[in-house]
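The values are calculated or read from the model by the stated rules, or taken from the named source; none is laboratory data. Please read all numbers here as calculations on a predicted model, not as lab measurements. FYI the Cβ positions are ideal-geometry reconstructions off the backbone, even for glycines, and counts take in every protein chain you see. Heads up: the accessible areas ignore ligands, DNA and RNA and are worked out on the full protein's heavy atoms, side chains in. Shrake-Rupley method; radii C 1.70, N 1.55, O 1.52, S 1.80 Å.
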Amino acid sequence: MVETLTPSSSSSRWTQFHHPRPWITSLFSNPKTLLTVLWIAVIFSVLLWQRDATTGILFFRRDFPVSQMPKLRTEVFNLTEFGGVGDGVTLNTAAFERAVLAISKLGKKGGGQLNVPPGYWLTAPFNLTSHMTLFLAEGAVILGIDDEKYWPLMPPLPSYGYGREHIGPRYGSLIHGQNLRDVVITGHNGTINGQGQAWWKKYKQRLLNNTRGPLVQIMWSSDIVISNITLRDSPFWTLHPYDCKNVTIKNVTILAPIFNAPNTDGIDPDSCEDMLIENCYISVGDDGIAIKSGWDQYGISYGRPSTNIVIRNLVVRSMVSAGISIGSEMSGGVSNVIVENVHVWNSRRAVRIKTAAGRGGYVRHIAYRNLTFVNVRVGIVIKTDYNEHPVGEFNPKALPVLEDISYTSIHGEVVRVPVRIHGNSEIPVKNITIRDMSVGITYKKKHIFQCSHVQGRVIGTVFPAPCENLDLYDEQGHLVRRSGSQNASDIDYDF
């Protein structure tokens, strides 16, 4: 016979075998006591989670199953097939080179995919090939060897003359490519780690005789996609597309210490055309993004502008430089750039254009939209005296042109100087438009909206009050006040 439990019998058995404890009854009968217990539990859980996130204690951590790596090309290889060992000690340069060589023979078949499985894959610099996908699994870390003897020397970039930091050859990048087409670097958020600490130390101690190399550099190439990976601790600039076309960078995390990691720019589009950067998190020791196009006479001679670039949906931090910069090496010209939906926090500057006499070139048709600044020293910056030049003579009469630059929907809080547009008599800033701006300030001083030699307009409501250099229009576009002092200057670098 099968015994069944009626509600009454079930209740009696529960009472028989599970007598409630008196202290539990009293605890839950007091709402204040119950609320206190719940708060203690929540705080304890958060503290444990934070310890887990910072020190690796295993509270509340779940093991992720090994994700199946997708097949993005017809031919797929695993690094271990070429002798790779992911122990963080074995040097895997030869394994990467053999894998790339195998893929280089498959161009007519659509190329190949190289899977890097979980592990620590120490390597010296290696080159990519066309029609290649480099896929980093979750938990895969490509480690750059931190001994410069393993890093090859390359000729200086033609648009930078004799060298960026030193005259003569420069170190190559950890992952490099030249004259390529159809290259993808992606994964399940695997990591490329340049182990830049040794490089930064030697640079500060002046022990290096050549310009440091980037983490990833693709040159003279087209149809490049970099997505769903983490790049960290580059010796120098982190991701440097040079004279490339049709480049997409998305869902990428770029990290370096915010101090004492010199020149670790996040992304440096350099003489690039048709480029999209979106959905990225960048926290580095220099500019988060710096659009470039060559340095002084060498950039003018090389003559390749950066143009048609869209930057959107980013979170950026730069305590040393700026979240998004144009320049200062912009001698080939920069135009048709859209920067939108960007949040800059805990940074020295938010968005900056920097140049100087001797640069030549131009910065024009630049649109900033929907920007948010939080705890930023200076929000909008245009600087025309960034006097850093190559070794040797430069032409001081090579004057850059700055024009047609707009800022729309600019908001923020805890900002010391919301605007500093510093043109001069030789390099005036022309046709600036500022519309819909409200930035909470930390200093209620005069001249926190700073201008010098600038022509343009403010449309609608702008806070704090704009400088007198700019014409004032209402929301409907009707002129309210015409400026009579475009060349006035109230630049103040003391705060």
Considering the stretch 314-324, residues that are hydrophobic (A, V, I, L, M, F, W, C) and open to solvent by 10 Å² or more (accessible area, probe 1.4 Å), and then whichever is farthest from LEU371 (Cα to Cα), we arrive at VAL320
Residue that is nearest to SER328 (Cα to Cα) [pool: residues in the stretch 161-174 that are crowded, with 18+ Cβ neighbours inside 10 Å and touching a Pro at 6+ places or on another chain (Cβ under 7 Å)]
GLY161
Across the stretch 264-313, the tally of residues that are open to solvent by less than 40 Å² (accessible area, probe 1.4 Å) and part of a loop (DSSP other than H, G, I, E, B) stands at 13
Report, by residue number, each residue of the stretch 277-309 that is at positive phi and in contact (Cβ under 8 Å) with a residue 40 or more places away in the chain.
GLY294, ASP296
Pull out all pairs, ordered by first then second residue, where Cβ-Cβ is under 9 Å, the residues are six or more apart or on different chains, the first lies in the stretch 188-205 and is touching a residue at least 40 places away in the same chain (Cβ under 8 Å), and the second is in a strand (DSSP E or B) and surrounded by fewer than 18 Cβ atoms within 10 Å (Cβ to Cβ).
ASN189/THR230; ASN189/THR253; GLY190/THR230; THR191/THR230; THR191/THR253; ILE192/THR230; ASN193/THR230
Long-range neighbours under 9 Å by Cβ, at least six apart or interchain, first residue over 24 Å from ASN228 (Cβ atoms) within the stretch 254-265, second surrounded by 24 or more Cβ atoms within 10 Å (Cβ to Cβ) and among the basic types (Lys, Arg)
PRO262/ARG212; ASN263/ARG212
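Take ALA99 and decide whether it is touching a residue at least 40 places away in the same chain (Cβ under 8 Å) and crowded, with 22+ Cβ neighbours inside 10 Å. Break it down into steps so the answer makes sense when it comes.
Values: touching a residue at least 40 places away in the same chain (Cβ under 8 Å): no; crowded, with 22+ Cβ neighbours inside 10 Å: yes.
So ALA99 does not fit the description; no.
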Just checking, how many residues over the stretch 303-327 are over 15 Å from LEU255 (Cα atoms) and touching a Ser or Thr at 6+ places or on another chain (Cβ under 6 Å)?
5
Answer yes or no as to whether THR186 is under 20 Å from the mean Cα position of the chain (by Cα), at pLDDT 95 or above, among the hydroxyl-bearing types (Ser, Thr, Tyr) and open to solvent by less than 40 Å² (accessible area, probe 1.4 Å).
yes
Exactly one of (1) part of a loop (DSSP other than H, G, I, E, B); (2) open to solvent by 10 Å² or more (accessible area, probe 1.4 Å); (3) modelled with pLDDT of 95 or more is unmet by PHE394. Its number?
(3)
Give the number of residues within the stretch 364-417 that are polar (S, T, N, Q) and within 23 Å of SER489 (Cα to Cα).
3
Could you look through the stretch 73-89, keep only residues that are touching a Lys or Arg at 6+ places or on another chain (Cβ under 8 Å) and at pLDDT 95 or above, and pick out the one that is surrounded by the fewest Cβ atoms within 10 Å (Cβ to Cβ)?
GLY83
List every residue pair whose Cβ atoms lie under 6 Å apart, where the two residues are 6 or more positions apart in sequence or sit on different chains, the first residue falls within the stretch 310-330 and is farther than 25 Å from ASP296 by Cα, and the second residue, located anywhere, is among the basic types (Lys, Arg) and open to solvent by 10 Å² or more (accessible area, probe 1.4 Å).
MET319/ARG348
For the stretch 118-144, pairs from a residue that is assigned to a strand (DSSP E or B) and open to solvent by less than 20 Å² (accessible area, probe 1.4 Å) to a residue that is at pLDDT below 95 and of a type in the set (A, V, I, L, M, F, W, C), with Cβ under 9 Å and 6 or more apart or across chains, are THR133/LEU72; PHE135/MET69; PHE135/LEU72
Is there any pair with a first residue in the stretch 475-495 that is closer than 21 Å to GLY379 by Cβ and a second that is aromatic (Phe, Trp, Tyr) whose Cβ atoms are under 9 Å apart and which are 6 or more apart or on different chains, and what are they?
ASP490/PHE449; PHE495/TYR443
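Residue by residue, here is whether (1) farther than 23 Å from HIS411 by Cβ; (2) within 21 Å of the chain's Cα centre (by Cα); (3) surrounded by fewer than 22 Cβ atoms within 10 Å (Cβ to Cβ) holds:
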| residue | (1), (2), (3) |
| --- | --- |
| GLY332 | yes, no, no |
| VAL339 | no, yes, no |
| ALA357 | yes, no, yes |
| ILE366 | no, yes, no |
| PHE373 | no, yes, no |
